[in-house]
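Written out below as structure tokens is the structure these notes cover.
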């Protein structure tokens, strides 16, 4: 059996798979890790549509000669969807009050909305807040969309540009316990809010860098500072959960320990590790 992806024969052997579904599951996982998504599937020259999927997936490989797959680059789909979303936002802004009230109910079923809902659920929630309730202004939504655009189109520049903000929030994290103890609740809340926003942004850009192939191949399994990058991300995520839980409980002692000895240094460590992994073209 021959497997063709975007016109090129895949140099891979079939080991334990017996059905088409098993092969496609492995291929889809492999493609998604490289930032691609299956857009068309042909089996022995026949295009597989949605109604055929259940039957075709159970076909045994011995009965198949050629699997031909076409893919789309997820980053390109995301960029196109964001452009469409900006156009939708402009259309929304030009509507009268009554028409705006019905906008979300129609928009949520569009291809752009469904893609964003699946790929960028946080952004979809912001769109819903603007288009259905008006809780978020269109100006704020536009700013968020344009920020995500930069993360998709120029992720290397975007990760480098956040360094001053990242350094500032690390300094604020160290001062956080004192802010809590001295009753500066609004300052403490703002610090947590900024910290959450910065870490979310770092995670988003990391995913873009990873799926778009910006990380050096020779470093793909090489530990950074003695630790694999994946373990740094997992470890930092655990610290983030602990910190937010301690903050919600007003445990200033634990908050102080986590911010000074865990959150701030681990955020800097993760940020540095990501920069070290980027290809130097």
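So here's what we get for this one:
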read-out	value
Matching entry among 41, 85, 24 (being surrounded by 12 or more Cβ atoms within 10 Å (Cβ to Cβ), assigned by TED's automatic domain parsing to the domain that holds residue 123 and either modelled with pLDDT of 85 or more or out of contact with any strand residue (DSSP E or B) (no Cβ under 7 Å at 6 or more places or on another chain) (or both))	85
Checklist (1) modelled with pLDDT of 95 or more; (2) more than 22 Å from the chain's Cα centre (by Cα) applied to residue 174, failing item	(1)
The range 228-276, subset outside any helix (DSSP H, G or I) and surrounded by 14 or more Cβ atoms within 10 Å (Cβ to Cβ), residue modelled with the highest pLDDT	251
Verdict on residue 29 being outside any helix (DSSP H, G or I), farther than 23 Å from residue 110 by Cα, at pLDDT below 85 and not assigned by TED's automatic domain parsing to the domain that holds residue 142	no
Residue list for the range 1-21, filter: in contact (Cβ under 8 Å) with a residue 40 or more places away in the chain and out of contact with any strand residue (DSSP E or B) (no Cβ under 9 Å at 6 or more places or on another chain)	17
Residue check for residue 106: under 27 Å from the mean Cα position of the chain (by Cα), loosely packed, with under 13 Cβ neighbours inside 10 Å and not assigned by TED's automatic domain parsing to the domain that holds residue 207	yes
Evaluation of residue 42 against (1) without any contact (Cβ under 8 Å) to a residue 24 or more places away in the chain; (2) over 28 Å from the mean Cα position of the chain (by Cα); (3) not in a loop (DSSP other than H, G, I, E, B) (one fails), failing number	(1)
Residue check for residue 149: modelled with pLDDT under 90, surrounded by fewer than 18 Cβ atoms within 10 Å (Cβ to Cβ) and part of a helix (DSSP H, G or I)	no
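The values are calculated or read from the model by the stated rules, or taken from the named source; none is laboratory data. Small disclaimer: the values here were computed from a predicted structure and weren't measured. Because the Cβ atoms are built from the backbone with ideal geometry, glycine has one as well, and the counts that use them run over all protein chains shown.
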